[in-house]
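Undergrad: Pasting in a structure now, in structure tokens, and then I'll have a few things to ask.
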Amino acid sequence: MLSETPSIQAFIDALPKVELHVHLVGSASVPTVLELARRHPGGPVPLDERELRAFYEFRDFPHFAEVYESVSSLVRDPEDVATLVLGTARDLAAQNVRYVELTVTPYTHQRAGMPMPAITEALDLAAGEARDRHGVRVAYIFDIPGEFGAEGTRGTLDHALAHPPQALVGFGLAGIEQVRAPHRDTFRDAFRAARAAGLRSLPHGGEMSGPETIWEVIEGLGAERVGHGISCLDDPRLVAHLRETQLPLEVCPTSNVCTGQVATLEAHPLPRMLDEGLFVTLNSDDPPMFDTTLTGEYRVAADVFGLDRAALAGLARNAVTASCLDQGARQEIIAEIDAL
């Protein structure tokens, strides 16, 4: 599958897209962060745009963690939450993204002192405004920050069950995968309750740990998609299972390189995952902090992985198919993809 002509870039720009794996705080671009920093001055985030852009330039994972924490510190009230959602919708609209499942970690906002109903109201209002103002349909995934164990799990589940946003579609698990084992039963119980309430199981797995984490989210959490999943190739039995079940994998190439999970884009396993017949979707994770966009990920797929128009359109269709959109909305976007 070789890249055809320079016009493939125009094809990528025109391609209707769906984003399944992007985090609310991690999606905050410079204009959005500048708005928050000026609203809450006196913190570590520069108020000058040029200085902020320099601060935002990716250097290494510790610096990414510093930037992420600094941006998180600016999210102090429900208005800030809404600002993040609307900024993300604005940035996605410029990339021809029609629908996004935005991962929100409500426990971090609860710890900042925000009441659950107020967070939910902000998310609801922002989703409506995102569609009206930017033409982007926003859905939400509430994810457990795994390193907070039982406390973070309880706060996330309570919010999802007692005060769910209207557009809440999924329940996730993120954070450092290596610290999950002591909380396995807690996570399993929470996902069982979330699924019983009608939420889809959408946890991370196999990003920074081996195939055993993917097996656990499949068998223990009932995963209907797997965030990242790139270590699956280390287990032939898992590869066979994923190929047979066509369980969608949310792959984020630039993120995997920036966090040190893969040495270079050229070494990324996505092409091999496709060759193995796995169900792959392309995503951006924390795009501004990794100096990427969803459009940029498609360009990587073309320029680095050598995917042609048909393969790129296939990835776009996969994202639509794996989404929580209703069948009619899926068919509408797929028809637009097929018309290119």
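Undergrad: Restrict the search to the range 49-133; then list the trypsin sites (Lys or Arg not before Pro) that DSSP places in a loop and that have at most 14 other Cβ atoms within 10 Å of their Cβ.
TA: On the way: sites: R50, R53, R59, R76, R90, R98, R111, R131, R133; in loops: R59, R76.
For trypsin sites (Lys or Arg not before Pro) across the range 49-133 that sit outside H, G, I, E and B with at most 14 neighbouring Cβ atoms in 10 Å, the list reads R59.
Undergrad: With θ set to phi - 60° and the Karplus curve 6.51 cos²θ - 1.76 cosθ + 1.60, what are the ³J(HN,Hα) couplings of the range 207-219 in order, to the nearest whole Hz, using x for Gly and Pro?
TA: 8, 10, 9, x, x, 4, 5, 5, 4, 5, 5, 6, 7
Undergrad: Taking Rh as the Kirkwood radius computed over C-alpha pairs, what is the Stokes-Einstein D of the range 5-137 at 25 °C in a medium of viscosity 0.890 mPa s, expressed in µm² per second? Walk me through the numbers before you get to the answer.
TA: Values: Rh = 15.8 Å.
Reported coefficient: 156 µm²/s.
Undergrad: Another question, then. Could you please rank Y298, Y140, placing first whichever residue has the fewest other Cβ atoms within 10 Å of its Cβ? Provide the component values of the computation, followed by the final result.
TA: Details: Y298 24, Y140 27.
If I rank by nearby Cβ atoms, fewest first, I get Y298, Y140.
Undergrad: Answer with a single label: of [x] 16.0; [y] 123.7; [z] 19.4, which was calculated as mean projected area of the Cα convex hull in nm² from the structure in view?
TA: [x]
Undergrad: Once phi is turned into θ = phi - 60°, what whole-Hz ³J(HN,Hα) does the Karplus curve with 6.51, -1.76 and 1.60 give for every residue of the range 280-294, x standing for Gly and Pro?
TA: These are the phi-based 3J(HN,Hα) values: 10, 10, 10, 9, 10, 6, 10, x, x, 6, 10, 6, 9, 8, 5 Hz.
Undergrad: While we're on this one: Among A150, A167, H134, whose Cα projects farthest towards the positive end of the dipole of the range 8-339, with charges put on the beta-carbon of Lys, Arg (+1) and Asp, Glu (-1)?
TA: The Cα lying farthest towards the positive end belongs to A167.
Undergrad: In addition: Tell me, D303, D143 in order of fewest to most beta-carbon neighbours within 10 Å? Don't skip to the answer; put the middle values down first.
TA: Values: D303 14, D143 26.
Ascending Cβ contact count within 10 Å gives the list D303, D143.
Undergrad: I'd like the Karplus ³J(HN,Hα) series for the range 297-305: coefficients 6.51, -1.76, 1.60, θ = phi - 60°, whole numbers in Hz, and an x wherever there's a Gly or Pro.
TA: For the range 297-305, the Karplus-derived couplings read 5, 5, 5, 4, 4, 7, 7, 9, 8 Hz, x marking Gly and Pro.
Undergrad: Rounded, prolate or oblate, given the Cα gyration tensor of the range 27-85, with a/c below 1.5 counting as rounded?
TA: Details: a/c = 1.76, a/b = 1.42, b/c = 1.24.
Since a/c reaches 1.5 and a/b is larger than b/c, the shape of the range 27-85 is classed as prolate.
Undergrad: To continue, here is another question. Return the long-range amide H neighbours of R200 (sequence gap of 5 or more, or a different chain), with a cut-off of under 5 Å between placed amide H atoms.
TA: G170, F171
Undergrad: Highest GNM mean-square fluctuation, the chain, Cα pairs closer than 10 Å: which of E101, E79, E207?
TA: E79
Undergrad: Neighbouring Cβ atoms within 10 Å as the yardstick, rank H21, H109, H134 fewest first.
TA: Values: H21 30, H109 27, H134 19.
Least crowded to most crowded, the residues run H134, H109, H21.
Undergrad: Give, rounded to the nearest 20 debye, the magnitude of the charge dipole that the chain has about its Cα centre when Lys and Arg contribute +1 at Cβ and Asp and Glu contribute -1 at Cβ.
TA: On the way: 28 positive and 49 negative charges, 106 e Å.
For this selection, approximately 500 debye.
Every read-out reported here was derived from the displayed coordinates using simple, explicitly stated rules and does not represent laboratory data. Only a predicted model underlies this, so the values are computations on that prediction, with no experimental measurement involved. With ideal geometry, Cβ positions are generated from the backbone for all residues, glycine too; neighbour counts draw on all protein chains shown.
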